Amino acid sequence: MGKATRELLELSLAQAARLVKSKEISPVDLVDASLERIKSVNGRLSAYITIFEEEARKRAEEDSARRAIEEDRMRREREAAERRKAEEEARKATEEEARRRAEQEAARRLKEKEVETGAPAAPATPLVKRARDLTEEEDEGATKKGGKTPVKTPPARKATPGGRRAGKLTITRALSEDEERMRSLASYRRQLNRAHRQQQPAPPAGPREVVIPETITVAELANRMARRSVDVIKVLMKSGMMVTTNDIIDADSAELVATELGHSVKRVAESDVLEGLRGLIDDPDDMISRAPIVTVMGHVDHGKTSLLDALRKTDVVAGEAGGITQHIGAYQVQLPSGAKITFLDTPGHAAFTAMRARGAKVTDLVILVVAADDGVMPQTVEAIAHARAANVPIIVAINKVDKGDANPARVKNELLQHEIQVEELGGEVLAVEVSAIKGTGLEKLEEAILLQSEVLDLKANPQRPADGAVIEAKLDKGRGPVATVLVQRGTLRQGDLLVAGSEWGRVRALVNDKGETVDHAGPSEPVEVLGLSAAPEAGDEFVVVDSEARAREVTEYRGRKRREGRQAMTSRQSLDQLLKSQKDGEKRLLPLLIKADVQGSLEAIDGALNKLGTDEVAAQILHGGVGGITESDVILAHASGAAIIGFNVRANMQARERARRDGVEIRYYNIIYNVLDDVKAVLSGMLAPETRERFLGNAQILEVFNISKVGKVAGCRVTEGLVRRGAKVRLVRDDVVIHEGELSTLKRFKDEVREVQAGQECGMAFANYHEIQKGDIIECYEVETIKRSL
């Protein structure tokens, strides 16, 4: 194979076609290269087939050997079972024969006694009959073992005149006594217990299906298999596990025990309570068309909410603090043609990443709003990533085309860098130029949305229990927990039992986006739900269930799992913080307590504050909740020394009085920028200042003078820079630092001076140090303190 052929083999088909078209290579060379590639592929396929056949042969041999071992084990078990059965039958026959002989001997002795006394003998009591049986068994056992006649016991003494038996009671004496003995109370109790056991139904014989959860006690496992706990413990001890009746074992060990005892196993888990929660798959005949769910995404201040206002013919921006959207809004617009479109407006601030991701997950298509005068920005790129992760189509709305510096062509070219190719540039993404202020291009945008929804063929079944997603949640004074939900399937009605995440409740009221109370909400309709036990987390799924027992079961399981996850995360973070504090020193924390109006805002503030921390300082969020600031929040803040941040909420009168009395600081905010800026400023003030050393100059010691009452004084010449009184100095000898300290005096001639420049001579003396020598170098420097910031 030539070098040119090898190079052609490395080219793709499209690259080779372009080279042939440009006549850089000939078709003959391309055909030769293709034949070489086919030969190479055939060779590799043959090698792979040989390897696969060898592996299949080895697996077949291993399977046959495994089957042979299993058949041999089963054969040995069958033989052992048959042997045990034969031994059991022989033992039963022997016992039956011994019992029959004992009865015959007892009858014979009774007849002999009747002949001797001449009167019919009294029937033997149960104790006497049992004693006779034991005597006969002992005699037969002694005869079988030694072949000798058993030793006769001496005759018992007669009873005393008072009726009391004299001497020890033996089996022979019991048989020979004439008087009739009464039955004991213990014997009567044993008879009753035997009768009670015989009346109880016997456990079903044969193997059974044993339900095994994730963990189970030994006693419970034995009860489910209708076996004794001792049998289960024996099997576990053979496996090397020393357990007691009340010990808990895992599902794998329980399955091994049940299989060993001949039962079949059905494994269940705690998560099985979620099976079938969302119901069965809908029948295609029951599906009808539904409105598309459109999420509006983009960079902050690119006109997302203004575009929705133009579509809804309302003014929502005027009610937004700072002109930015800080929570997800859900609206439904009915067009003049009668078609409906559901819009989700997501915030564009960098802190609301989770809210944008949540909006992209529940949507059918995404409108990417890009300002024509600003272009593609960081949150625009993030919105593109969220839309791709959700695998939904994108429609680009180029807004603010009415401005003088608008350049839609630049926006389209910038989108190419992020693999968004509009139709004008040969792609498949629809792009519409609009102006939210003047209302131009809105009809084209609505047509593009409806066209895309027709291509997607969106359908849902309204005749089934509802399910969907929680868009936002809050705690409203007077109404209680309020959740904004988006129905995706079925119809949500007033009175339904609703499970949303780890909370549940009966739907008390439904309020649409216009503030009107409705009795039901169909697919693709956003509504506010009242009646839940608490505010669910934003992004949770909701579903309608048929009973309160099922709702409690599901919510208890989800709540327990969330608590376990938070506890595990808290313990893991605490361990990491402990190890880091031991390694790098104690970390300074700013305790905070955050109350917000909705769950999404709380989530965004929490995530943004956690990113502000460094290895030295960080914000510690002690508690975060939805709703107004209460007196209990102030008590918690006072006990922990924390400040309270209220985002779009206020403190009640009791909380304000308690905060004023306890000295707890409460700060109110309605824009997330201000929260982050203030916390960042506080954390910057908590940072330890940075110290920096600034070099001043060097001086060489020319002579050392010993002056009484003063000590040694160095006569020096400043060789570099300057020497300043009050500055720090080092004594360097042979390039080694001997001493660090301060100057006690700096003189030029007989006068004290503030500083001495290079080239001048002076006299210097160290404070509390006199080990100076001729030729030493004195280095003078200052330490600057620099304030740090995040």
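The values are calculated or read from the model by the stated rules, or taken from the named source; none is laboratory data. Given the structure is predicted, the values throughout are model-derived calculations rather than measurements. Cβ: placed from backbone, ideal geometry, glycine included. Neighbour counts: every protein chain shown. Side chains are part of the model used for accessible areas, which takes the heavy atoms of the whole protein and leaves out ligands, DNA and RNA. Shrake-Rupley method; radii C 1.70, N 1.55, O 1.52, S 1.80 Å.
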Residues other than L236 with Cβ under 15 Å of its Cβ, Lys/Arg counted +1 and Asp/Glu -1, net out at -3
Hey, can you rank 479-491, 375-387 by average C-beta count inside 10 Å, highest first?
479-491, 375-387
For L30, solvent-accessible area (1.4 Å; no DNA, RNA or ligand), Å²
50
Which residues' amide hydrogens lie under 5 Å from the amide hydrogen of E525, considering only partners 5 or more residues apart or on another chain, with H built in the peptide plane?
V487
Going 7 Å from the Cα of R506 along its beta-carbon direction, which residues of the stretch 540-554 have the amide nitrogen within less than 17 Å of the resulting point?
544-553
Vicinal HN-Hα couplings computed from phi for the stretch 747-761 (Karplus, 6.51 cos²θ - 1.76 cosθ + 1.60; Hz; Gly/Pro x)
10, 10, 6, 10, 9, 6, 10, 7, 7, 10, 7, 5, x, 9, 9
Burial order of peptide ranges 85-94, 208-217 (average beta-carbon count within 10 Å, highest first)
208-217, 85-94
Residue farthest toward the positive end of the dipole of the stretch 609-743, with Cβ of Lys/Arg at +1 and Asp/Glu at -1: which of G624, G726, V736?
G726
Over the stretch 27-82, average the accessible area per residue using a 1.4 Å probe and give it in Å², no decimals.
85
Exceeding the 31 Å Cα-Cα cut-off - candidates K680/K728; K340/K412; K474/K611; K412/K514:
K680/K728; K412/K514
Keeping every protein chain present and rolling a 1.4 Å probe, give me the accessible area per residue for the stretch 637-686 in Å².
53
Between R650 and residues 5 or more places away or on another chain, the pairs with built amide H atoms under 5 Å apart involve I629
Taking all protein chains as present, what is the carbon and sulfur share of the accessible area of the stretch 457-574, in % to the nearest whole number, probe 1.4 Å?
45
Pair E71, N674: separation of 7 Å Cα→Cβ label points (nm)
8.5
Over the stretch 713-790, with every protein chain in place, what whole percent of the accessible area is carbon and sulfur at 1.4 Å, could you tell me?
44
Listed by chain and number, the residues whose amide H is under 5 Å from that of H263, excluding neighbours fewer than 5 places away on the same chain and using placed H, are none
Simple spin-label model, 7 Å along Cα-to-Cβ: I248 to H418 in nm?
4.9
For the stretch 616-628, Karplus-derived ³J(HN,Hα) couplings (6.51, -1.76, 1.60; θ = phi - 60°; whole Hz; x for glycine and proline) come out as 9, 10, 6, 8, 10, 8, 6, 7, x, x, 10, x, x
